[in-house]
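Colleague: This is the structure I have questions about; it appears just below.
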Amino acid sequence: MQNQKEMLSKLKFSSLLDLALFIPSNYDDTTLSDSLIIGEQITVLAHVESIKSLGNKLQINLFLPKFKRFVTATLFKVTPYHFATFAVGNELFIQGKLTLFGSYLQLSQPKKITTIDKIIPKYKTTLRNSEILQIIESLISYESLKNEGLNEVEIQTILMLHFPKNLNDIFLNKTYKSDITKTLKIIEAYNHFKKLKGKRVDFPPSMILTHDTNSFVASLPFRLTDEQLSVIDEIKLDLSNPLKAAKRVVIGDVGSGKTIIILASAVMALPHKSILMAPTSLLALQLYEEAMKFLPKSMSVALVMQGKNIGDYKEADFIIGTHALLYKDDLPQIDLVMVDEQHRFGTNQRNMLSHLASRKDKKAHILQFSATPIPRTQAMMDSALVDVSLITKTPFIKDISTHIISKEDFSPLLSHIKDEISKKHQVLIVYPLVEESEQIPYQSIEEARGFWEKNFENVYITHGKDKEKDEVLLSFREKGNILLATTVVEVGISLPRLTVVVIVGAERLGLATLHQLRGRVGRLGLKSHCYLYTHNRQNERLMKFANTTSGFDIARLDLEFRNSGDIIDGTMQSGQKFKWLDMANDEEIIKKVMMRVENRLI
Ligand code: ADP
Ligand code: MG
């Protein structure tokens, strides 16, 4: 007998519950029928009354003693086997679909069966059915399922699906009964959590970090929101845990105030050193400026970028930089590693950074920050592998109205833009492409720029491949009225005077991207507008998007439209498809299972 692992890997399964959840695609039911229902498959004892050979066909007249009825069946491509099987006077068990022809009962696709009163599960696999049946029988049992941590109901459901006694227990009108699907969802979530937990490896921290943050928080020019404070508390617990180094992802919408949390964490690390990596020079610079503005003057901060450093990073308490950090071989000992906008980095880059800061079997604490809202369900699912904090509110109530517009709305849009510029506000117009293209029925930057430059002053232009992108954005921030761009601004600097964003060909973009773009405006609470310019005003996705500004709602909408989630970390199994779970609607189930897994600490 092969061992369990070999059997599972034969089916490419990694856990017993994978196998348990691999339920039959259908069943061969040879239970003798109690009644004759037209249109249904029946299984009956039949007596061959007479036969008639018609060329290649054989017509059989059968008597069903239990029902005292006659039924005819026609066989095609007959062979001597058929003549022997259906010889007049023979009695046999037969299965077929019952139909009505005039007033005669007929059996279509009749099949002789040798076993009766059995339900044989059929599995969709490349193995022979008998082989998978054998594997299931040897591995799936009350005890083995109990060992996996399933409860009574779950165990009975799985046993029933693989070893059914009566298909009426399983199906109602040919679909699974609702309590069965619900149980399968629960087991699926449970299996997922269990696997992730098994993958999580924790190391002791290189240093316990406990510096107080009260005076830092009190020194800020604004009150932190409750969510910011509670994330800071969560991080405090992480950094003071002597058993495991922190591994947390903080996810919050653009403008939800994550920088302050980063700075508070750097304060907690004192007198030890921390490092922060940002995806672009511009962001690194902006973070550096904010650090200088908010951190206590006694704290030394250094900036490391390609070709440009500020301060001495070997001495600083807090080192901020771009991926240029990864290539420094003379970094001091660092006990807290942070990554901002972590989704912009590859897994490799993030691993390199944490590697830089680990010593033997001890690890620096790692905090990652992301503005890609993922559905709450996904965050819960991922929380088995890393700790996840969600920030769902922004410190300012963002007052953004979203409008779906078309060609005919262009002139009111123009006057609105003029109006905003006269108030010293700024406008961002996002085009799908830099150059003209046959494929896309919208203008490109190159086609549109003439118009804007002719009618407005201080029009700036940038795009993904623009080498001067950072400089353009910086001078636009100071002097610009209108910025024409592609979606590169998706991750970008804060432009506090930006109050209008126009997204051309909006229906072509994913909701997550639209959300990021819309998040550029109104960052400091100024009344703002987002115009979705499209040839299709009735686009349902855009209409729903226009009705909400919460990143978490949008992530959920995205799920509904795409039926898959965003990925918070390349190393995770995120975005994976579940067979039973519906990430958009099964939050309650996922929450319950998560709590169960946490309490058992598997
Ligand atoms: P993000 O989460 O996108 O990184 P930031 O940290 O850049 O957001 O915060 C956006 C703006 O909100 C910044 O100007 C920041 O100083 C400000 N801010 C952060 N927290 C608060 C708060 N509690 N009250 C008021 N303003 C805040
Ligand atoms: Mg940020």
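Colleague: Within region 372-426, track down each residue that is within 25 Å of residue 476 (Cα to Cα), of a type in the set (Ser, Thr, Tyr) and surrounded by fewer than 18 Cβ atoms within 10 Å (Cβ to Cβ).
Modeller: 401, 411, 415, 422
Colleague: Residues 232, 208: which one is in contact (Cβ under 8 Å) with a residue 24 or more places away in the chain and not in a helix (DSSP H, G or I)? Talk me through it step by step, then tell me what you get.
Modeller: Working: 232 fails: not in a helix (DSSP H, G or I).
Result of the check over 232, 208: 208.
Colleague: Right, next: Filtering region 380-414 down to residues that are acidic (Asp, Glu) and not in a loop (DSSP other than H, G, I, E, B), which residue is farthest from ligand 2 (Cβ to nearest atom)? Let's see the steps before the verdict.
Modeller: Keep residues of region 380-414 that are acidic (Asp, Glu), which gives 382, 387, 399, 408-409.
Next, from what is left, pick out any that are not in a loop (DSSP other than H, G, I, E, B): 382, 387, 408-409.
On the way: 382: 20, 387: 19, 408: 38, 409: 33 Å.
Among those that are acidic (Asp, Glu) and not in a loop (DSSP other than H, G, I, E, B), it is 408.
Colleague: Provide a single number: the residues in region 272-298 that are surrounded by 18 or more Cβ atoms within 10 Å (Cβ to Cβ) and within 18 Å of residue 218 (Cβ to Cβ). Show your work before the answer.
Modeller: First pass over region 272-298, keeping only residues surrounded by 18 or more Cβ atoms within 10 Å (Cβ to Cβ): 272-288, 291, 295.
Among the residues that remain, those that are also within 18 Å of residue 218 (Cβ to Cβ) are: 291, 295.
Qualifying residue count, region 272-298: 2.
Colleague: Could you list, in sequence order, all residues of region 275-296 that are more than 18 Å from residue 370 (Cβ to Cβ) and away from ligand 1 (no atom under 16 Å from the Cβ)?
Modeller: 281, 296 - these are the residues of region 275-296 that are more than 18 Å from residue 370 (Cβ to Cβ) and away from ligand 1 (no atom under 16 Å from the Cβ).
Colleague: Can you work out which of the residues in region 343-379 that are of a type in the set (Val, Ile, Thr) and assigned to a loop (DSSP other than H, G, I, E, B) is nearest to ligand 1 (Cβ to nearest atom)? Steps first, please.
Modeller: Pass one, region 343-379, residues of a type in the set (Val, Ile, Thr): 347, 366, 372, 374, 377.
From what's left, assigned to a loop (DSSP other than H, G, I, E, B): 372, 374.
Numbers: 372: 11, 374: 15 Å.
Here the answer is 372.
Colleague: Also, I was wondering about something else. Picking from 229, 145, which residue would you name as being within 21 Å of residue 20 (Cα to Cα), among the hydrophobic types (A, V, I, L, M, F, W, C) and either under 26 Å from the mean Cα position of the chain (by Cα) or at pLDDT 95 or above (or both)? Outline the logic, then answer.
Modeller: On the way: 229 fails: within 21 Å of residue 20 (Cα to Cα).
It is 145.
Colleague: Oh, and also: Restricting region 1-20 to residues that are in contact with a Phe, Trp or Tyr (Cβ under 8 Å, 6 or more places away or on another chain) and in contact (Cβ under 8 Å) with a residue 12 or more places away in the chain, which is nearest to residue 192 (Cα to Cα)? It would help to see each step written out before you state the result.
Modeller: Our first condition is that a residue be in contact with a Phe, Trp or Tyr (Cβ under 8 Å, 6 or more places away or on another chain); within region 1-20, this holds for 11, 13, 17, 19.
Filter once more, keeping what is in contact (Cβ under 8 Å) with a residue 12 or more places away in the chain: 11, 17, 19.
Numbers: 11: 18, 17: 9, 19: 13 Å.
Ranking the qualifying residues of region 1-20, first place goes to 17.
Colleague: Does region 235-249 hold any residues that are in contact with a Phe, Trp or Tyr (Cβ under 7 Å, 6 or more places away or on another chain) and either assigned to a strand (DSSP E or B) or within 16 Å of ligand 2 (Cβ to nearest atom) (or both), and which are they? Please lay out each step first, then the result.
Modeller: To start, the set of residues in region 235-249 that are in contact with a Phe, Trp or Tyr (Cβ under 7 Å, 6 or more places away or on another chain) comprises 244-245.
Selection gives nothing.
Colleague: Hey, among the residues in region 151-173 that are at pLDDT 95 or above and among the charged types (D, E, K, R), which one's farthest from the chain's Cα centre (by Cα)?
Modeller: In this case the residue turns out to be 152.
Colleague: Something else about it: How many residues are under 27 Å from the mean Cα position of the chain (by Cα) and either in a helix (DSSP H, G or I) or within 16 Å of ligand 2 (Cβ to nearest atom) (or both) when one looks only at region 325-342? Steps first, please.
Modeller: Our first condition is that a residue be under 27 Å from the mean Cα position of the chain (by Cα); within region 325-342, this holds for 337-342.
Pick out the ones that are also either in a helix (DSSP H, G or I) or within 16 Å of ligand 2 (Cβ to nearest atom) (or both) and you get 338-342.
Here the count works out to 5.
Colleague: Every residue in region 318-359 that is touching a Lys or Arg at 6+ places or on another chain (Cβ under 8 Å), of a type in the set (D, E, K, R) and surrounded by fewer than 20 Cβ atoms within 10 Å (Cβ to Cβ), please.
Modeller: Scanning region 318-359 gives a single hit, 330.
Colleague: Residue 240 versus (1) within 29 Å of the chain's Cα centre (by Cα); (2) at pLDDT 95 or above; (3) more than 18 Å from residue 354 (Cα to Cα); (4) not aromatic (Phe, Trp, Tyr): which is the lone unmet condition?
Modeller: Going through (1) within 29 Å of the chain's Cα centre (by Cα); (2) at pLDDT 95 or above; (3) more than 18 Å from residue 354 (Cα to Cα); (4) not aromatic (Phe, Trp, Tyr) one by one, residue 240 breaks only (1).
Colleague: If you take just the strands (runs of 3 or more DSSP E) that sit entirely in region 250-324, which of them hold at least 1 residues that are touching a residue at least 24 places away in the same chain (Cβ under 8 Å) and within 16 Å of ligand 2 (Cβ to nearest atom)?
Modeller: On the way: elements: 274-277, 301-305, 308-310, 318-321.
Of the strands (runs of 3 or more DSSP E) lying wholly inside region 250-324, those with at least 1 residues that are touching a residue at least 24 places away in the same chain (Cβ under 8 Å) and within 16 Å of ligand 2 (Cβ to nearest atom) span 274-277, 318-321.
Colleague: Hey, another quick one. Restricting attention to region 506-532, and to residues there that are within 12 Å of ligand 1 (Cβ to nearest atom) and either at pLDDT 90 or above or in contact with a Phe, Trp or Tyr (Cβ under 9 Å, 6 or more places away or on another chain) (or both), which single residue is nearest to residue 252 (Cα to Cα)? Spell out how you get there, then give the answer.
Modeller: As a first pass, look at region 506-532 and keep what is within 12 Å of ligand 1 (Cβ to nearest atom): 516, 519-520, 522-525.
When the remaining residues are screened for being either at pLDDT 90 or above or in contact with a Phe, Trp or Tyr (Cβ under 9 Å, 6 or more places away or on another chain) (or both), the result is 522-525.
Values: 522: 16, 523: 14, 524: 16, 525: 17 Å.
Across region 506-532, the extreme among qualifying residues is 523.
Colleague: Which one of these is under 30 Å from residue 249 (Cα atoms), among the hydrophobic types (A, V, I, L, M, F, W, C) and modelled with pLDDT under 90: 440, 366, 374?
Modeller: Details: 440 fails: under 30 Å from residue 249 (Cα atoms); 366 fails: modelled with pLDDT under 90.
It is 374.
Colleague: Okay, moving on. Among the residues of region 202-234, write down those that are more than 16 Å from ligand 1 (Cβ to nearest atom) and over 15 Å from residue 365 (Cβ atoms).
Modeller: Listed by number, the residues that qualify are 212, 215.
Colleague: Inspect all residues belonging to region 520-540 and state whether any of them is without any contact (Cβ under 8 Å) to a residue 12 or more places away in the chain and charged (D, E, K, R).
Modeller: Within region 520-540, one or more residues are without any contact (Cβ under 8 Å) to a residue 12 or more places away in the chain and charged (D, E, K, R).
Colleague: Quick one: count up the residues across region 55-87 that are modelled with pLDDT of 95 or more and more than 22 Å from residue 42 (Cβ to Cβ).
Modeller: Count: 0.
The values are calculated or read from the model by the stated rules, or taken from the named source; none is laboratory data. All of these numbers come straight from a predicted model, not from anything done at the bench. Positions of Cβ are generated from backbone atoms using ideal geometry, with glycine treated the same way; all protein chains shown enter the neighbour counts.
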